[in-house]
Amino acid sequence: MDKALESLISQYTISEVGDYENSLKEVVQYLALLGLWRAKFFEHAAFYGGTALRLFYGLRRFSEDMDFSLLKKSDDFNLPAYLTAIQKELEGFGFEMSVSKKEKRVETQIESAFIKGNTINNLLAISVPESYTTKIQKNKKLKVKIEVDVDPPGNAQYDVETLLTPIPFQVKLFSKPDLFAGKLHAVICRQWKTRIKGRDLYDFLWYLGNKTPCRLEHLQARMTQTENWSTDRKLGHDDVLGMLRDRLKAVNFEAAKEDVAPFIKDPHELDLWSMDFFLAAANRLTTVF
């Protein structure tokens with residue numbers, strides 16, 4: 001196995017087969033970022049969402065999808081060119097995976113793609129013992145979804161972070177207050193229907209615990225774009241807190257816990273989850289404009 005890849009994998013604590021699968025998925029995510037950097041993707045786009053928090057800021061839950069946003073609207077953005085760079089990077093490290101664009105059935109501002117590969121074959125590429133791989137279904141697929149917002153809401157600020165493995169490279173991310181704005185937009189405005197996104201709520205608590213303020217200017221831009229804020233008046237702290245409380249009162253917290261449980265190692269992190277707990281936590285929300 002490549003020494004740089006071995007160094008990347010060594011950061012994970014493995015106790016069961018699921019840990020190997022999650023670590024493989026994260027290695028794929030790191031290599032996808034590396035391929036995008038080589039292709040100069042981050043001159044035009046920034047990384048955000050739960051995977052950004054996980055890979056750069058120590059979020060304790062695993063994350064599946066990779067979310068990006070262009071820095072400004074583009075009608076001629078060519079996603080397949082960047083997918084080719086990801087494919088080349090994965091192949092260079094010995095992985096057998098396909099990277100392909102998802103064809104849209106309806107017109108949206110999101111361009112999507114999937115990285116897919118046979119789980120067992122790619123675990124063997126990182127020298128996972130046979131005693132683990134025999135516990136996995138023969139045809140099980142590893143899948144990482146990539147989404148790029150080609151019509152971003154604007155009013156965002158960015159940071160650049162450096163990774164040192166498998167080689168030194170840099171990734172442009174939304175600033176933490178703007179990352180929080182994106183997450184609060186998801187918590188307040190996402191149409192959960194029958195699939196409660198406990199992962200949104202878990203990340204919300206992470207921001208509060210790390211005393212990250214939410215930047216209202218970016219949150220307002222997101223809410224205006226999705227027609228959840230339709231006035232010219234500036235979005236204020238009390239507006240957000242009121243909408244947040246209303247949403248929390250409607251959450252099925254048992255369903256929320258079921259959603260996030262597969263992505264965390266310590267189930268006791270969810271012991272306190274209830275409407276009263278989250279309403280009390282919401283009072284710790286801080287904002288900047």
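We did not get these values from a lab; they are worked out from the coordinates using the rules stated. Just so it is clear, the model here is predicted, and its values are computed rather than measured. Glycine also receives a Cβ, built like all others from the backbone with ideal geometry; neighbour counts cover every protein chain displayed.
Fully extending the segment from Asp75 to Asp271 would add 65.9 nm, taking 0.36 nm per residue of separation and subtracting the current Cα-Cα distance. A Förster radius of 41 Å, combined with the Cβ-Cβ distance separating His237 from Lys40, puts the computed FRET efficiency at roughly 0.60.
At R0 = 35 Å, how high is the FRET efficiency between Glu16 and Thr84 if r is their beta carbon distance? Nearest 0.05 is fine.
That gives a FRET efficiency of 0.50.
Based on Cα contacts under 8 Å between residues 6+ apart, the chain shows a relative contact order of 18 percent. Here Lys140 is the anchor, and the lysines within straight C-alpha reach of less than 19 Å, apart from those fewer than 8 places off in the same chain, are Lys25, Lys116. Pairs of Cα atoms nearer than 8 Å and 6+ residues apart set the relative contact order; for region 3-174 it is 29 percent. In order along region 220-232, phi translates into HN-Hα couplings of 4, 4, 5, 5, 5, 4, 8, 6, 9, 9, 10, 10, 7 Hz, rounded to whole numbers, per the Karplus curve 6.51 cos²θ - 1.76 cosθ + 1.60 with θ = phi - 60° and x for Gly and Pro. A quarter of the convex hull surface defined by the alpha-carbon atoms of region 3-174 gives 10.1 nm² as the mean projection. Once the Cα-Cα distance is subtracted from the 0.36 nm per residue extended length, the Leu124 to Gln109 segment shows a gain of 1.7 nm. Note on Tyr57/Asn252: beta-carbon distance plugged into 1/(1 + (r/R0)^6) with R0 of 30 Å gives a FRET efficiency of 0.60. Note on Asn228 and Lys145: the model spin-label points, each 7 Å out from Cα along the C-beta direction, lie 1.7 nm apart.
Straight-distance candidates among the aspartates and glutamates for linking to Lys102, with alpha-carbon spacing under 17 Å and chain neighbours fewer than 8 residues away dropped: Glu64, Asp65, Asp67, Asp76, Glu111, Glu147, Asp149. Labels on offer are [x] 33, 20, 17; [y] 32, 24, 17; [z] 62, 23, 15, and the one holding semi-axes √(5λ) of the Cα gyration tensor in Å computed from this structure is [y].
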